[in-house]
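For reference, the structure discussed in these notes is given below.
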Amino acid sequence: MKHGDFTGLAGDYAKFRPGYAPQVATALLGYLGREPARIDAADVGAGTGIWTRILAARGLRSLVAIEPNDDMREQGINSSSGCDIDWRKGSAEASGLADASVDLVTMASSFHWADFDRACTEFHRILRPGGVFAALWNPRLIEGNPLLVEIEAQIARLKPDINRVSSGRSAFTERLTERLSAKPQFTHLLYMEARHTAQQTPAQYVGVWRSVNDLQVQLGAELFQEFLQFVERRTAHLAVIETTYQTRAWVAQRT
């Protein structure tokens, strides 16, 4: 398994990953300043379509889901039956969409995997003048729950030099405001966040961890299995695990 390659993880990803705070979708569409039925959108790095389906439920004029990984895209198609979503193979650097063809481009929990400069150039190309790009993540807020803090700390015990890639509270997101502000392709940068709570059974909670790519790559199979066993032992006595998530979004307008 390689960094960013979710082949084999799509089932757990689709089944156990929580959704995003719906109020962020409301605010994002409001930022565009037009009725949803007049918005053409593309969700790039759509994965299994968790965020894509939130957008689809808003009644957009059109919505394309771009996903490079065959396993994730196939799971997304299966999970989105009945939704008005056009699934296509492509990437942040080469979406395959026409010039100035969409009003909104989003990347949900995936922008950190893209080539930053090439992706910004591509999004500028496919967005219409005044269109909007949004990068968002959905990290856990563990500080209020000692058990979740203990579980997170176990990762560092197993591998003290671990360097997490995909967290929405990481070095990548800490620098994102500065980096996007410096790009000539975008202006009027806006940051927003909202919290929401997920109720998960121990099996569901462990399932979320099984879908985490960068952790499996860095720990390796043996240590990752040891970590999962630790999580199972620490949560087996619980009926429900309450986890607070913080949907964080960086929004910028095309110049």
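The values are calculated or read from the model by the stated rules, or taken from the named source; none is laboratory data. Treat the numbers as computed from the prediction; the structure is a model and nothing was measured. When we count neighbours, we look across all protein chains shown, and the Cβ atoms used for this are built from the backbone with ideal geometry, even at glycine.
Table for the structure above
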{"read-out": "Residue count for segment 19-46, restricted to those that are within 26 Å of Lys89 (Cβ to Cβ) and either among the charged types (D, E, K, R) or not in a helix (DSSP H, G or I) (or both)", "value": "10"}
{"read-out": "Single unsatisfied condition, Val217 versus (1) outside any helix (DSSP H, G or I); (2) touching a His at 6+ places or on another chain (Cβ under 7 Å)", "value": "(1)"}
{"read-out": "Qualifying residue in segment 47-57 (condition: farther than 25 Å from Gln199 by Cβ, modelled with pLDDT of 95 or more, not in a loop (DSSP other than H, G, I, E, B) and not basic (Lys, Arg))", "value": "no"}
{"read-out": "Test: residue in segment 195-204 that is within 23 Å of the chain's Cα centre (by Cα), over 15 Å from Phe111 (Cβ atoms) and hydroxyl-bearing (Ser, Thr, Tyr)", "value": "yes"}
{"read-out": "Failed criterion for Tyr205 (all others in (1) part of a helix (DSSP H, G or I); (2) touching a strand residue (DSSP E or B) at 6+ places or on another chain (Cβ under 6 Å); (3) under 30 Å from Arg118 (Cα atoms) hold)", "value": "(3)"}
{"read-out": "Count - residues of segment 17-60 that are more than 14 Å from the chain's Cα centre (by Cα) and of a type in the set (Val, Ile, Thr)", "value": "2"}
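Conditions tested, residue by residue: (1) over 24 Å from Val24 (Cα atoms); (2) touching a helix residue (DSSP H, G or I) at 6+ places or on another chain (Cβ under 6 Å); (3) surrounded by fewer than 21 Cβ atoms within 10 Å (Cβ to Cβ).
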{"position": "Asp71", "(1), (2), (3)": "yes, yes, yes"}
{"position": "Asn78", "(1), (2), (3)": "yes, no, yes"}
{"position": "Ala92", "(1), (2), (3)": "no, yes, no"}
{"position": "Ala98", "(1), (2), (3)": "yes, no, yes"}
